[in-house]
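The values are calculated or read from the model by the stated rules, or taken from the named source; none is laboratory data. The model shown is predicted, which means the values in this text are computed figures rather than measured ones. Using ideal geometry, Cβ is built from the backbone for each residue, glycine included, and neighbour counts are taken over all protein chains shown. What goes into the accessible areas is simple: the full protein's heavy atoms, side chains included, and nothing from ligands, DNA or RNA. Shrake-Rupley method; radii C 1.70, N 1.55, O 1.52, S 1.80 Å.
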Amino acid sequence: MRKATKFLWAKESLAHLESIRRYELEFARHAFPHSGRLLEIGAGTGWQAQTLQAQGFEVEAIDLSSSNYKEHRVFPVADYDGHRIPFGDDSFDVVFSSNVLEHIPHVEVFQKEIHRVLKPGGVAVHIVPSSAWRFWTNITHVLKSWKIPDRHGEHASNAIMEIWHFRKNWWRTLYERTGWQVVKVMPCPIFYTGRSLMGARISIRARQRISQVLGGSSNLFVLRENN
């Protein structure tokens, strides 16, 4: 029984998380221009910012000073207060976030800051967790811990309600209400949960196939400002 449990519940690691986020970034890359000045919000260790800089972008990265990844940074990530983006108006061609907006309690007001720093004609690209991710994370958490999980983000009262709040239509409504045109919304075709089910023992290719049955674990939104 212990061997089976050890096999199923892999130890969480930054390397495994990076492989997932790398796939999502590559999937989102078509939504970016070829070059320009780019801001990553909630950059964590900064490896995505580092990757985008290597691809030709002039990158700035910000995160909270309380970030769990602060000691593992591989790129200059500026601390900020979570409210005001520390750059001037019309500063960036691209604003990017990956699995961050669900953690911002004032996410609707925060859209004004993104509008402020984005250049006219710029693009905002956000990856957010899906309802499928929340549902399967709930299931695997109960199987692993025998208790209902805590909520993941800041927009619902509990983990069950987050299944509703992580729907594509919930995010679309929020963006449209805050002055964005939703240019594109697509499920990222990869399956994973928040409980590291088998971790790296399931390859990225296999996770792509699983997502066709169980659903993609995140959604990609591409936004432009309303004229």
Problem - Fully extended contour minus Cα-Cα distance, from residue 205 to residue 145, at 0.36 nm per residue - result: 18.8 nm
Completion exercise
Dipole check, the stretch 72-162, charges on Cβ (K,R +1; D,E -1), about Cα centroid: among 141, 101, 114 the Cα furthest to the positive pole belongs to 141
Completion exercise
Taking placed amide H atoms and a strict 5 Å upper bound, the residues 5 or more places from residue 61 or on another chain that come that close are 40, 78
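Sort 71, 102 by accessible area with a 1.4 Å probe, largest first. Can you show the working numbers first?
Details: 71 160, 102 0 Å².
Ranked from most to least accessible, the order is 71, 102.
All other residues with a Cβ under 15 Å from the Cβ of residue 37 taken together, and with Lys, Arg as +1 and Asp, Glu as -1, what is their net charge? List each step's numbers first, then the result.
Working: positive: 116, 119; negative: 40, 58, 60, 89, 90, 93.
Net local charge, residue 37 excluded: -4.
What relative contact order, as a whole-number percentage, does the chain give when Cα pairs under 8 Å and 6 or more residues apart are counted?
For the chain, the relative contact order is 21 percent.
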Completion exercise
Once Lys and Arg are counted +1 and Asp and Glu -1 for all other residues with Cβ under 14 Å from that of residue 58, the total becomes -1
Problem - Lys, Arg +1 and Asp, Glu -1 on Cβ, resulting dipole of the stretch 25-110 about Cα centre, debye, nearest 20 - result: 220
Completion exercise
Rounded to the nearest 500, the 222 nm mean residue ellipticity computed for the chain from DSSP H runs (n ≥ 4, each -39500 (n - 2.57)) alone is -11000 deg cm²/dmol
Fill in the blank from the handout: Probe 1.4 Å, heavy atoms of protein chains only: per residue, the accessible area of the stretch 32-126 in Å² is 43
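Net charge around residue 130, counting only other residues with Cβ within less than 11 Å of its Cβ (Lys, Arg = +1; Asp, Glu = -1)?
Details: positive: 134, 167, 168; negative: 102, 162.
Net of charged neighbours comes to +1.
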Exercise for the section: Mind jotting down the distance between the C-alpha centroids of the stretch 153-227 and the stretch 76-126, whole Å? Expected result: 19
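Using a 1.4 Å probe on the protein chains only, how many percent of the accessible area of the chain belongs to carbon and sulfur? Could the numbers behind the result be given before it?
Details: 6260 of 11520 Å².
Answer for the chain is 54 percent, counting heavy atoms of protein chains only.
Please state the shape class of the stretch 68-120: rounded when a/c is under 1.5, otherwise prolate if a/b exceeds b/c and oblate if not, all from the C-alpha gyration tensor.
Details: a/c = 1.95, a/b = 1.34, b/c = 1.46.
Oblate shape, in that a/c is at least 1.5 and b/c is the bigger or equal ratio.
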